[in-house]
Structure formats: C-alpha cells, structure tokens
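Enquirer: Here's a structure for you.
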Amino acid sequence: MPELPEVETVKEKLKPRLINKQIIDVSVYWPNVIANIPVAEFENNLKNQVFIDIKRRGKWLVFELTDYHLLVHLRMEGKFFFKSRTDEKNKHEHVIFRFEDIELRFHDVRKFGKMYLLGKDDLSTAKPLSELGLEPDDDNLTVDYLKDKYKRKNLSIKEALLDQRIITGIGNIYADEILFLSKINPYRKAKDLNSRELKSIIDNTRSVLKQAIIKGGTTIRSYVSLDNKKGEFQNYLLVHGKANLPCSVCGTPIIKEFIGGRGTYYCATCQNKKR
DNA sequence: CCAGCAGCCTGTGCGC
DNA sequence: TGCGCACAGGCTGCTG
C-alpha cells in the first residue's frame, strides 16, 4: 500500500489522537507481525507506555514511547483504525493497543506489515532503519550522490528508484510518475543517466511527493489513512494505472510492462530514449 | 558483491 | 455462477 506520502499522512492523522495517551494493554493476534522480539515480550514491554511523539523515516512509522521506539511498516495493506472497546474484532485486525477510552487497531489483510520494538538510543544504527538511504528532502541528495550510488549497479532506473538504500520513500506509483515527469524511459540503466537527467529526477521526486502529501496520498484500491479517509492524489496521476489511455502530453497510449517484477507505466513517446 | 526469483498472505477482477 | 489465474502502494531471503 503506502509510499512516503501515504505514511506521512497516516502519521499526521495519528499524532493528535495518540500523543500523551497511555497504553493499558496490547494484544497481538498474528505473531509474525512482530519482527524482532517474542510476542509476549512485545506485549509486556508496551504496558503503561505513553506516546510521546510520532515520526517517519522512509516508509516507517516511528512511535516514540516512554522507554521504547515502536517501528511500524505498513507494507502493502497495513492500516490503523481507532475503534471502541465494544466493537467486534475484525479478522484482519492483528494488533490491538488498548487505551482507557478507545482502542487503536492494526489492520492488515495480507499480513505483510511488520513491527519492531527497540530501545530508545539505537535507532539510526539498528535494523531496520540503519540501511535506509536519504530522505527525498535531504540536502545531501544531490546529482553527485546519485552518480556515486548508481555507478556500480547494472539496474534500470525504475528499479534503482525503488531501492530504499539509495533514496527512501519512493514506491511503485511515484517511481512511474517521477520518470514520466523527468521524460526518462524506465528501462534506462541508472548508471547511464547524465547530470541533467539525475537533477530532473531529484527535482521531480521532491515535487511529486510534496504534492501527494498535500492531497493526502494516493488511493488506488485499498489505501486509507485513518478511519477510512482516502487520499486524493490518484486524481492527479499522469501515467501509473493508465494503461492504454492517451498520454496527457502527446496522446500516445500509455504502455504497461513489467520491470524488476513490478508493473510499470510509461509513455513510449515522451519517455522515448531506450538504451 | 550482483541478479533473479520464490516467498510472505488475502482479496479482487478478469477470461473462459 | 463458478473456477482458475494474474495481479496488487513492499521487502527478505535464498540461489547461482
């Protein structure tokens, strides 16, 4: 499901409702969600913890608690809902955080989502955040940085944009949009791109993600931020999901093909150079 | 080190 | 209607 704009939206919506709330009790119903410690330990450690802040790193939600950091990755379908204690448990709700007045439930149809419970100090050096590349808005994200990261890789630029160790936060939808706006063919080798093209990718990454955040993310099939709120950016997509529809710039039908196993949409005329 | 591919899961939409 | 297959905003772990 979510890429950077969707996770950012979830974070902002959770914040006002979660900060300063104290956990009474946690129940895990699908143990594989908890990635780094036994479920019993996860449940016990979270008792009485207070939510101090919520941040985002790449596609990870980072909940700062009294004594821990709780990291949550929504993967394809993970969602949070606030529900009343008396609401019946949905079969896709795998973790329930209970507060005095309400419950926060983690809902994940495909069970791909992951949670880590870590100590307070070792965040940036410990898995899973230690391997992540630069945030798109980081000033260190430059043409030279990308040149250096791409030079040894024999990857297409589409695959390279999805590599979270280089830039973090871009997923399949926004990678297609970024390449369309940059007029770069998704099959081009990342290492073959020139400075002007890399600059264009950086600029368009920033502008697309920023616009998507303003619109509350993109809902194509299942994404909702909180309490079933959909995004609006799907109304502004230019190529992703537009197979056979005319390109908004030149009218050529948009092509869908698989690159690196992921459905990839592009305009063969506007993104023409294929090397 | 790398590329490629199965695996993790369930649901939906399509063609027959 | 039903059945089977392909595919879905992601990432890990295995193989060669």
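The values are calculated or read from the model by the stated rules, or taken from the named source; none is laboratory data. Computed from a predicted model, the values in this text were never measured in an experiment. Backbone-built Cβ (ideal geometry, glycine too); neighbour counts: all protein chains shown.
Enquirer: Filter the range A:117-138 for residues that are of a type outside the set (G, A, S) and within 16 Å of DNA strand B (Cβ to nearest atom); which is surrounded by the fewest Cβ atoms within 10 Å (Cβ to Cβ)?
Expert: A:E131
Enquirer: Among the residues of the range A:171-189, is there at least one that is assigned to a helix (DSSP H, G or I) and either among the small types (G, A, S) or touching a Phe, Trp or Tyr at 6+ places or on another chain (Cβ under 6 Å) (or both)?
Expert: Checked the range A:171-189: at least one residue is assigned to a helix (DSSP H, G or I) and either among the small types (G, A, S) or touching a Phe, Trp or Tyr at 6+ places or on another chain (Cβ under 6 Å) (or both).
Enquirer: With respect to A:V10, determine if the residue is outside the structural domain of A:T218 (by TED's automatic domain parsing), surrounded by 17 or more Cβ atoms within 10 Å (Cβ to Cβ) and assigned to a strand (DSSP E or B).
Expert: So A:V10 does not fit the description; no.
Enquirer: Look at A:I184 and say whether it is touching a residue at least 12 places away in the same chain (Cβ under 8 Å), β-branched (V, I, T) and crowded, with 16+ Cβ neighbours inside 10 Å.
Expert: yes
Enquirer: Considering only residues that are away from DNA strand B (no atom under 16 Å from the Cβ) and assigned to a loop (DSSP other than H, G, I, E, B), look in the range A:212-225 and name the one that is surrounded by the fewest Cβ atoms within 10 Å (Cβ to Cβ).
Expert: Among them, the one singled out is A:K215.
Enquirer: When the range A:27-59 is examined, which residues are found to be within 14 Å of DNA strand C (Cβ to nearest atom) and farther than 16 Å from A:V95 by Cβ?
Expert: A:R56, A:R57, A:G58, A:K59
Enquirer: Go through (1) charged (D, E, K, R); (2) within 16 Å of DNA strand C (Cβ to nearest atom); (3) under 20 Å from the mean Cα position of the chain (by Cα) for A:D137 and report which single condition fails.
Expert: Result: A:D137 passes all but (2).
Enquirer: Would you confirm whether any residue within the range A:141-160 is within 12 Å of DNA strand B (Cβ to nearest atom), farther than 18 Å from A:L209 by Cα and among the β-branched types (V, I, T)?
Expert: Within the range A:141-160 (the criterion being within 12 Å of DNA strand B (Cβ to nearest atom), farther than 18 Å from A:L209 by Cα and among the β-branched types (V, I, T)), the answer is no, since none of the residues qualifies.
Enquirer: Would you please name the residue that is surrounded by the most Cβ atoms within 10 Å (Cβ to Cβ), looking only at residues in the range A:141-162 that are part of a loop (DSSP other than H, G, I, E, B) and at pLDDT 95 or above?
Expert: A:L141
Enquirer: Given the residues A:D87, A:D122, which is the only one that is over 23 Å from A:R17 (Cβ atoms), more than 21 Å from the chain's Cα centre (by Cα) and in a loop (DSSP other than H, G, I, E, B)?
Expert: When all the criteria are applied, what remains is A:D122.
Enquirer: Can you find, within the range A:239-258, the residue that is farthest from DNA strand C (Cβ to nearest atom) among those that are within 30 Å of A:H107 (Cα to Cα) and of a type in the set (A, V, I, L, M, F, W, C)?
Expert: For the range A:239-258, the residue satisfying everything is A:V239.
Enquirer: Right, here's the next one. Looking at A:N244, A:N228, A:N235 in this structure, which one is surrounded by fewer than 13 Cβ atoms within 10 Å (Cβ to Cβ) and farther than 21 Å from A:T9 by Cα?
Expert: Exactly one residue qualifies, and that residue is A:N244.
Enquirer: Could you tell me whether A:L209 is outside the structural domain of A:E103 (by TED's automatic domain parsing), closer than 13 Å to A:A175 by Cβ, surrounded by fewer than 19 Cβ atoms within 10 Å (Cβ to Cβ) and more than 10 Å from DNA strand C (Cβ to nearest atom)?
Expert: Against the criterion (outside the structural domain of A:E103 (by TED's automatic domain parsing), closer than 13 Å to A:A175 by Cβ, surrounded by fewer than 19 Cβ atoms within 10 Å (Cβ to Cβ) and more than 10 Å from DNA strand C (Cβ to nearest atom)), A:L209 does not qualify.
Enquirer: While we're on this one: Residues to consider are A:V109, A:V39; find the one that is free of Cβ contacts under 8 Å to residues at least 60 places away in the same chain, within 16 Å of DNA strand B (Cβ to nearest atom), over 26 Å from A:R206 (Cα atoms) and not charged (D, E, K, R).
Expert: A:V39
Enquirer: Could I ask something else about it? May I ask you to verify whether A:I202 is hydrophobic (A, V, I, L, M, F, W, C) and modelled with pLDDT under 95?
Expert: Considered against the rule, which asks whether it is hydrophobic (A, V, I, L, M, F, W, C) and modelled with pLDDT under 95, A:I202 comes out as no.
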